[in-house]
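Worksheet for the structure shown next.
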Amino acid sequence: MTTQDQLKDDLDFIASTVRRNDRSGGLPVLYVFWALAIAIGFTLADFAPRLVGWYWLLVGIGGGFGSMLYAGRVSRQRGISNSEEGKRWGLHFMVGGFGWLATALPMMTGKLSPEAGAPWFLFTTGLVYALAGVHLDRPMLWSGLLALAGFMVMQLVAVPYVWTTTGLLMALCLGTAAVLTARK
C-alpha cells in the first residue's frame, strides 16, 4: 500500500470514529421507490400475471443496482466515506434477495400455490427488514415488525387478492421506514 493510500485509510478511519453516530442510514427516497415498485409488482401478480417475471427482472435487478449507485452518491455528497457500511447494506440485501428467491422457489416448482405462498414474502420481508433495523437503520426494525404482524394476520384471516394485499402491506412497511428515517 502506498503512503498516500495509507494516509487516506487513516483519515477515513479518523473521520468514521469522529462521526460514529453520523451513519448514513437509510434513504427515504429509496424506501419510497421500493414501496411503489413492490406495490405495483405484487398487484401485477393478481391482475396481469404474465408480466410479473419481466417486471421483476427489470425493476428488481435495475432497482437494486440503481439503489446501490444512488446511495453511494448521496454518501459521497454528505462527505461520508464508509465503504464498510455500504458493504454491510449490500450484503444484507443480497442475502435478503436470496431469502426472497428461496421464498419463491416452492411456488416456482409447483409445490406451493401462489395464493398460499404470497404471504410468505411478507414473512421473509419482516425478517429482512427487522434485522436491517437491528444492524443498519433503526426505523427498519419497526417496518419489519409491522410486516411480521401483517403476515400473522394473513395466516388467520382469508383476504381477496392476496398478492395485492401482500404488496400493499410491504409498501406500507417501507413507507413507515421512509417517514421514520426522514424524522431522524
Likely footprinting exposure, F121, F65, F93, fewest C-beta neighbours within 10 Å first: F65, F93, F121
Taking the chain and dividing mean pair separation by its residue count, relative contact order in percent (alpha carbons under 8 Å, at least six apart): 33
When the Karplus curve 6.51 cos²θ - 1.76 cosθ + 1.60 is applied with θ = phi - 60°, which whole-Hz ³J(HN,Hα) does each residue of segment 41-57 get, with x for Gly and Pro? x, 6, 5, 4, 4, 7, 10, 8, x, 5, 8, 4, x, 5, 4, 6, 4
What angle do you read, to the nearest 10 degrees and between 0 and 90, between the alpha-carbon axis of helix 3-18 and the longest principal axis of the chain? 60
In nm, give the distance between the simple-model label positions of D5 and A158, each being 7 Å from the Cα along the Cα-to-Cβ direction. 6.4
With a Förster distance of 30 angstrom and the Cβ-Cβ distance between V179 and K111, calculated FRET efficiency to the nearest 0.05 equals 0.20
Only Lys, Arg (+1) and Asp, Glu (-1) charged, at Cβ; segment 26-183 dipole about Cα centre in debye: 360
Low-density loop cleavage sites - trypsin sites (Lys or Arg not before Pro) in segment 72-158, where at most 15 other Cβ are within 10 Å (DSSP): R78, K111
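Bear in mind that the values in this text are calculations on the coordinates, not laboratory data. This one's a predicted model, so the numbers in the text were calculated from it and none came from an experiment. No Cβ is skipped: glycine too gets one built from the backbone with ideal geometry, and neighbour counts run over all protein chains shown.
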